[in-house]
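Inspection log for the structure reproduced underneath, given as structure tokens.
The values are calculated or read from the model by the stated rules, or taken from the named source; none is laboratory data. These numbers come from a predicted model, not from an experiment. Quick reminder, even Gly has a Cβ in these numbers, built from the backbone with ideal geometry, and neighbours come from all protein chains shown. The protein model used for the area step is the full one, side chains on, heavy atoms only, and it has no ligands, DNA or RNA in it. Shrake-Rupley method; radii C 1.70, N 1.55, O 1.52, S 1.80 Å.
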Amino acid sequence: MGDVILSTYRDLRAVAGSLVRMKWATVDWPLLRSFLDAYVEDADAWEASANLVIPYEKLLDRPAEILSSIAEAMGIDPTPEQIAAVLARLERLAPASDTPAGNLDVFDRETLLHNGHIGGRADAAAMAQLPEALLGQIETRYHDWLVAHRYVLSADRIAACARRCADEVETLHRSSITIPLLTLDPIRLTRSDMPPGLALSGFAAEEWGSWSIAPVCSLIFRTPPDMQAGHIFLNAGAFVPPGTPAIIATVFLNGQEIDRWLWRSLDHQQLRIPFEGLQDLHVLTFHIEGARSARSLDLGEDDRRLGLAVQTIWIAGGSIAA
């Protein structure tokens with residue numbers, strides 16, 4: 001029998017938490033982001049060539065079943081007694097110390113276990129090492145990877161990311177960035193017509209309008225100071241070719257959830273978002289579920305995960321109940 005490649009992956013939130021627990025990293029987003037970027041790249045590469053891919057949590061939940069699968073991939077047919085004996089031996093493995101040393105060079109040369117390894121194996125225990133805000137950053141950046149690997153994300157953390165985006169408005173307000181003013185005349189979100197600064201994050205302008213290309217994306221704009229109530233309008237469709245699941249967009253205005261929109265086809269809708277109050281600086285944030293690439297559907301070479309297709313945005317004054 002030739003070489004057999006076994007690969008595993010783990011919930012990225014637990015990976016980051018385990019790094020912190022083992023003192024191999026601090027609660028520092030740029031540092032953890034760099035590690036997780038490399039982790040995702042490596043995991044995807046091994047998954048593409050492995051004979052067997054094993055989710056980490058299944059190793060904990062169904063060890064006998066996974067051991068049987070490993071044996072089958074290797075061309076071995078152990079008896080139930082042999083599997084039980086191997087599991088018993090694995091259970092006896094332990095690191096030299098239960099206290100993490102924070103040093104990758106300190107490990108048992110026979111078991112390859114580092115000091116502190118095995119303790120807190122459950123994903124929930126690992127994630128408890130991280131603040132909610134950082135978990136939200138992981139869920140936002142790696143949204144598609146986590147969903148593809150069937151990990152459940154927190155809607156509350158996604159909403160918190162939207163609120164943090166809104167909180168950053170004041171920083172932008174004090175900076176030299178020019179924030180565009182919405183008017184009664186529709187603004188086209190095309191490559192040539194979209195005002196600089198309107199797309200805060202996650203949008204890519206084209207000749208016809210803009211695609212959303214990230215799970216969380218935002219627009220930032222002003223409304224006229226004398227218009228203290230009204231509606232923001234968007235003409236938006238979504239990338240839903242025939243036979244594909246719907247795309248859902250949860251919309252937040254200044255960090256507050258406003259509505260959820262659904263597209264079952266490519267058809268554009270005119271969407272209306274109420275606003276009121278003295279604030280004239282706004283962040284409109286979308287959490288996109290169901291985005292997919294044209295390449296994944298054999299519809300072209302574009303490998304961006306396309307969600308919303310936004311063409312125009314404008315405002316109208318008046319009572320928000322109108």
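In the condition set (1) over 23 Å from Ile118 (Cα atoms); (2) under 25 Å from the mean Cα position of the chain (by Cα); (3) open to solvent by less than 70 Å² (accessible area, probe 1.4 Å), Gly75 is compliant with all but (2). Listed by first and then second residue, the pairs with beta-carbon distance under 8 Å, at least 6 apart or on different chains, first residue in region 295-319 and without any contact (Cβ under 8 Å) to a residue 24 or more places away in the chain, second among the polar types (S, T, N, Q), are Asp302/Ser293; Asp303/Ser293; Asp303/Ser296. From the list Ala249, Ala214, Ala236, the lone residue that is in contact with an Asp or Glu (Cβ under 8 Å, 6 or more places away or on another chain), buried (at least 20 other Cβ atoms within 10 Å of the Cβ) and within 19 Å of Gly307 (Cα to Cα) is Ala249. Scanning region 175-211 for residues that are surrounded by 14 or more Cβ atoms within 10 Å (Cβ to Cβ) and of a type in the set (Lys, Arg) yields a single hit, Arg188.
Residues of region 261-288 that are over 17 Å from Leu189 (Cα atoms) and under 20 Å from the mean Cα position of the chain (by Cα): Trp261, Leu262, His287, Ile288.
Number of residues in region 192-230 that are hydroxyl-bearing (Ser, Thr, Tyr), in contact with a Ser or Thr (Cβ under 8 Å, 6 or more places away or on another chain) and touching a residue at least 60 places away in the same chain (Cβ under 8 Å) equals 2. Every test in (1) at pLDDT below 90; (2) within 19 Å of the chain's Cα centre (by Cα); (3) at negative phi is passed by Ile258 save one, and that test is (2). Within region 45-72, the set of residues being free of Cβ contacts under 8 Å to residues at least 24 places away in the same chain and open to solvent by 50 Å² or more (accessible area, probe 1.4 Å) comprises Ala45, Ala48, Lys58, Asp61, Arg62, Glu65, Glu72. Might you check whether a residue that is hydrophobic (A, V, I, L, M, F, W, C), touching a strand residue (DSSP E or B) at 6+ places or on another chain (Cβ under 8 Å) and either at pLDDT 85 or above or surrounded by fewer than 16 Cβ atoms within 10 Å (Cβ to Cβ) (or both) occurs anywhere in region 117-134? No, because not a single residue in region 117-134 is hydrophobic (A, V, I, L, M, F, W, C), touching a strand residue (DSSP E or B) at 6+ places or on another chain (Cβ under 8 Å) and either at pLDDT 85 or above or surrounded by fewer than 16 Cβ atoms within 10 Å (Cβ to Cβ) (or both).
Checked against the criterion of being in contact with an Asp or Glu (Cβ under 9 Å, 6 or more places away or on another chain) and under 21 Å from Ser154 (Cβ atoms), region 57-69 contains one or more residues that satisfy it.
Counting the residues of region 135-164 that are modelled with pLDDT of 80 or more and either open to solvent by less than 80 Å² (accessible area, probe 1.4 Å) or closer than 13 Å to Gln256 by Cα (or both) gives 11.
Please give the helices (runs of 4 or more DSSP H) falling wholly within region 1-109 in which 2 or more residues are in contact with a Leu (Cβ under 8 Å, 6 or more places away or on another chain) and within 23 Å of Tyr151 (Cα to Cα).
On the way: elements: 12-21, 29-49, 56-61, 63-73, 80-92.
Output list reads 12-21, 29-49, 63-73.
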